[in-house]
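Encoded as structure tokens, the structure appears first; notes follow it.
The values are calculated or read from the model by the stated rules, or taken from the named source; none is laboratory data. Source: prediction; values computed, not measured. Positions of Cβ are backbone-derived with ideal geometry, glycine not excepted, and every protein chain shown enters the neighbour counts. All accessible areas refer to the heavy atoms of the entire protein, side chains included, with ligands and DNA or RNA removed. Shrake-Rupley method; radii C 1.70, N 1.55, O 1.52, S 1.80 Å.
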Amino acid sequence: MDHSIKILHIEDVASDAELVDRILKKSDIKFEKIVVDNRQAFIRSLTAFDPDIILSDHSLPAFNSLEALKILKHEGINTPFILITSTVSEEFAVNVMKEGAIDYVLKDRLQRLPAAIVNALEKHQSYIDNQTYLNKIVASENLFTKAELIAEFGTWRIDIINHAIHWSTGTYLLLGYKHGEVEPTVKNFIKNIHPDDMKRVESLLKNVPNNIHSGEMDFRVVGADGSIRFIYSQFELEKNENGQSTNIIGFNQDITRSKLAQDEIQNNIEELKAASDRQSAILNALPPNIVLLNEAGKIVAMNESWRKLTLENNLGIPKYGLGYSYLAVAEKATGIDEALRKKLAKGIEEVTAGGSDEFFLEYSCFYKGEKAWFEVIVAPLVDKTKKGAVILHIDITARKKAEELQLQSEANLQTIFENTDIAYVLCNAENKIVSFNTKADELCIEQFKKKLKIGGNAFNYFPKNKTPNIKDAVQRVMRNEMVIYETSYDFNDTLKWYEVRWAGILNDQKKNSGFILAFKDITERKISDLERDRITADLVQRNKDLEQFTYIVSHNLRAPVANIIGLSNMLNSSEFDITEHQEVKSALSTSVNVLDQIIMDLNHILQVRRYVNEKSETVLFQSLVEDITLSLNNLIKSENVTVVFDFSIIESMFTVKSYMHSIFYNLILNSIKYKRPNVDPVISIVTRKKEDKLEILFDDNCKGIDAKNFKNLFGLYKRFDTSVEGKGMGLFMVKMQVESLGGKITVQSELGLGTTFKVEFPEN
């Protein structure tokens, strides 16, 4: 502000008046000020000093702010008036504003005073300028209309005798119409009034001629866009010389801004009171002992916990230490020795003087016969001066004991962690390694030739072919699932098996914050399990073989042996006719040959069980098919056979080559033998992978097999098509060899549409 202002200050406390001076000087406001403390001096200064603005405390010994406002109103003085007080109630603040105060400032918020003064003077000057302008334009109707628009007011008149009504332009606009848009009638006057105010206004207008000489009312008007404006209306009744009522003259003014401003002030008052109540409630609800110190280190406020502390310690200080030095109170407390007290005093002094942002101190002592821990926190007041401090005295015994227990638990856990045969790796939610034990590091070096590193990505330590499975496991763990499975790794041609466990780590909010990965070497157990499974499978197969041999002995051997016995008896019979000698010899030779063939078949079957122990090797399917088609070259050419294959999915298998050769040979030969007449055989062989299975499909376009024969298709000596020479040994041997290798064979076929044999082996 460029020019000096004259301030009249009503105050009876010299220190408060000096504080106002300091605040104003800091804000660079140029001013001349006098201070009065009684009614007579105030009235005298209004004319002698002619102030630009008045500042007033609320209550003086024989004078107060409300009386000062009444004096201004009585004298017709419109000088801006600002109330300066310690505390105010909501009702008092509203009353002061109604009486004419332009603003109020709390003494503990004096930093706002310069801005309040500038704002008040600007408003006052604006009011003066507005009044001057209005006085100039009311000389003519046009200027008056402009005044109505600028000041947002309007006039109206009702001729009671002639029932004529007149509205000014401003009244039309205030009621929500354009000038001349509707006829000025009482009905149109109240048409846009808020429904809640309509009956009251209508009743008041009707009763004016009979009851009162003048009056006022306020109501709300609803605009076409739904907006609401507040209107204040003053009116008076005109009468002629005979005392007869002739006109009602009214003045309307839009008070929306002032109404909203009043509402805002009221809301601010309520919010301030609520905030004060909340602050007190919060402080009293906090467990720490809290005190507020001024710049001199004296206690000026405290919470309920502090009050209880002073009583429990029998400090014997009046008013819980209010107004006393904090250090003096601390001297009477138990548990603080001289060295700690000096350190605390220095820290408080630095914070209260504004030289430090904070101070912390922890100490232990014996309190009520037990070791206890306390923490003292000193923080500066958050204001411009940063002088004074808030002190929190917190019992941290439970936390310290918990920390000691946690350290002990961590030490115990670390001991277990490092002395287990299970490899552990701890990762966060971003798959970064947080911790691991020595066993995990050793395993990683042995398996991947890498050392584990804190912060490294866990995925980088797994083979790429396992990445999809690893990511799936992590996703399941993040859904709070426990993932357990077994896996194997090849170490220098030695297969090792591990049990892998993934477990999620939940935080305090029960959300997944990472996972633990555990590897346990189960190679020895797995080898035992696999050996047990192999022995079990071998016993099951041997049992099947015994059943098969029993069947052969009881059925296939019985017929030729019975024939031989019968023919032998005939030769030894005394009644034997020599003329039948040649025929008997021929029959006997046939039976012996049949018996010999059955014995050879049995020997061949036994060889299958013997050869299964042959050394396994990598068998390339394409080479196998090429060798077989070469050996069957003449037959393939004579029958015009086409053999196609696709081994792009799986090219080879680690197995017994002789068995695999026999399986392929018999299935290819079987398709050629049972070809359809006049149709060139086409044989397709493909490999594919399905889940954890390796599948080999043999597909042909030959005669096909009736579904009713599927059940016995692979039985020994089972033949269903006698048009082709054979013994019923081929498919039996295929099934036996497939099962000896741990596989399974199935068939799908329709008569006249061809046949598909599917051979399945475990992937490993």
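Being surrounded by 14 or more Cβ atoms within 10 Å (Cβ to Cβ), among the aliphatic types (A, V, I, L, M) and closer than 19 Å to SER258 by Cα is a description that does not apply to ILE53.
Candidates ILE84, ILE7, ILE43: the one that is among the aliphatic types (A, V, I, L, M), over 52 Å from the mean Cα position of the chain (by Cα) and open to solvent by less than 50 Å² (accessible area, probe 1.4 Å) is ILE7.
Let's see how each residue does on (1) modelled with pLDDT of 70 or more; (2) open to solvent by less than 70 Å² (accessible area, probe 1.4 Å); (3) under 28 Å from GLU739 (Cα atoms):
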site	(1), (2), (3)
GLU580	no, no, no
SER586	yes, yes, no
ASP627	yes, no, yes
GLU639	yes, yes, no
PHE645	yes, no, yes
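For ASP37, the stated conditions hold: it is at pLDDT 85 or above and surrounded by fewer than 20 Cβ atoms within 10 Å (Cβ to Cβ). So, in segment 377-390, of the ones that are modelled with pLDDT under 85 and not small (Gly, Ala, Ser), which residue ends up most open to solvent (accessible area, probe 1.4 Å)? Only one residue fits best here, namely LYS384. Among the residues here, SER305 qualifies as of a type in the set (Ser, Thr, Tyr) and touching a helix residue (DSSP H, G or I) at 6+ places or on another chain (Cβ under 9 Å). Scanning segment 739-764 for residues that are under 24 Å from LYS673 (Cα atoms) and among the aliphatic types (A, V, I, L, M) returns ILE745, VAL747, LEU751, LEU753, VAL759.
From the list SER623, SER658, the one residue that fits, being modelled with pLDDT under 85 and not β-branched (Val, Ile, Thr), is SER658. Of all residue pairs spaced 6 or more apart or on separate chains, those with beta-carbon atoms under 8 Å, a first member in segment 466-477 that is open to solvent by 40 Å² or more (accessible area, probe 1.4 Å) and a second member that is at pLDDT 85 or above are ARG476/VAL483; ARG476/TRP502. Please determine whether any residue of segment 435-443 is surrounded by 13 or more Cβ atoms within 10 Å (Cβ to Cβ), modelled with pLDDT of 85 or more, in contact with a strand residue (DSSP E or B) (Cβ under 7 Å, 6 or more places away or on another chain) and over 23 Å from THR523 (Cβ atoms). Yes, that holds for at least one residue. Sub-6 Å Cβ pairs linking a first residue in segment 512-535 that is without any contact (Cβ under 8 Å) to a residue 60 or more places away in the chain to a second residue that is of a type outside the set (A, V, I, L, M, F, W, C) and open to solvent by less than 80 Å² (accessible area, probe 1.4 Å), at least 6 apart or interchain, are ILE522/GLU499; THR523/LYS496, ordered by first then second residue.
There is at least one residue in segment 310-319 that is in a loop (DSSP other than H, G, I, E, B) and exposed (fewer than 15 other Cβ atoms within 10 Å of the Cβ). The numbered conditions (1) under 26 Å from ARG399 (Cα atoms); (2) modelled with pLDDT of 75 or more; (3) open to solvent by less than 40 Å² (accessible area, probe 1.4 Å); (4) not charged (D, E, K, R) are all true for GLY335 except (2). If you go through segment 675-689 and keep only what is open to solvent by 50 Å² or more (accessible area, probe 1.4 Å) and not in a loop (DSSP other than H, G, I, E, B), you end up with VAL682, ARG688, LYS689. The one condition from (1) open to solvent by 70 Å² or more (accessible area, probe 1.4 Å); (2) acidic (Asp, Glu); (3) in a strand (DSSP E or B) that GLU499 does not meet is (1).
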